[in-house]
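This report concerns only the one structure given below.
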Amino acid sequence: MSSISDTIQAKCLAFGDRIIKLNDYLLKEAANAKPSYKIVKGKQVYDKPVPVYLQSVSNLCNQLLRSGTSIGANNAEACNAISKADFKSKSFIALKEARESLYWIDLLHRNEYLDEKQYKSIYNDAEELVKILVARCKKLNED
């Protein structure tokens, strides 16, 4: 791999690490927010493994986890491509995943699962990856 590819992959990995930690954090926060249980024969019983109030945040987190970690996976595949066409294809998929991650981050923020500080921090990281991948994809289209 070239030093540029190494740098991009390092950023992808760092972003993936942040997404994994954010996923764990948001799910813990949501789980601690309000317990969902019912009383059955004098005992406290939880309704479902994923209470209703956790389903939204869980689904959003899962989507972000998938797209956010896919950026690095597709970039790694691009860097080990068997042809220029394969490299181009995987690079564009990585870019699409990065843009998708921005969408999920926006939804988490709009629905108040991310505060302003968290949102700006993770959004800026994703946006940086988008810019790097856009530059690479533009160059690939020129060739």
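Who wins for biggest fluctuation among Leu64, Leu129, Leu54 in a Gaussian network model of the chain, springs between alpha carbons below 10 Å?
For the chain, modelled as a Gaussian network with Cα springs under 10 Å, the answer is Leu54.
Taking Cα atoms of the range 3-142, Rg/Rh with Kirkwood Rh, to two decimals?
Ratio of gyration radius to Kirkwood radius: 1.13.
Lysine pairs, Cα distance under 29 Å, 8 or more residues apart or cross-chain: how many in the range 83-129?
5
Under the rule of -39500 (n - 2.57) per DSSP H run of 4 or more residues, summed and divided by the residues of the chain, what mean residue ellipticity at 222 nm is obtained, to the nearest 500 deg cm²/dmol?
Only helices count here, giving -28500 deg cm²/dmol.
Under the rule of at least 5 residues apart or a separate chain, name every residue whose amide H is placed under 5 Å from the amide H of Ala81.
Correct list: empty.
Enumerate the aspartates and glutamates that Lys138 could reach by cross-link, defined here as Cα to Cα under 17 Å, with residues fewer than 8 away along the same chain left out.
Asp86, Glu97, Glu127, Glu128
Based on other C-beta atoms within 10 Å, arrange Phe15, Phe92 from fewest to most.
The fewest-first ordering by Cβ neighbours comes to Phe92, Phe15.
Can you tell me the FRET efficiency between Leu107 and Asn32 if r is taken as the Cβ-Cβ distance and R0 is 22 Å, rounded to the nearest 0.05?
Computed FRET efficiency for Leu107 and Asn32: 0.55.
Can you list, largest first and rounded to whole Å, the semi-axes you get for the range 100-143 by taking the square root of 5 times each eigenvalue of its Cα gyration tensor?
Result for the range 100-143: semi-axes of 28, 10, 4 Å.
Stretch Ala85-Ile4 to full length: gain in nm at 0.36 nm per residue minus the Cα-Cα span? Please list the in-between numbers first.
Values: separation 81, 0.36 × 81 = 29.16 nm, distance 1.89 nm.
Length gained between Ala85 and Ile4: 27.3 nm.
Since every read-out is calculated from the coordinates, none of them should be taken as a lab result. Since this is a predicted model, take the numbers as computed values, not measurements. When we count neighbours, we look across all protein chains shown, and the Cβ atoms used for this are built from the backbone with ideal geometry, even at glycine.
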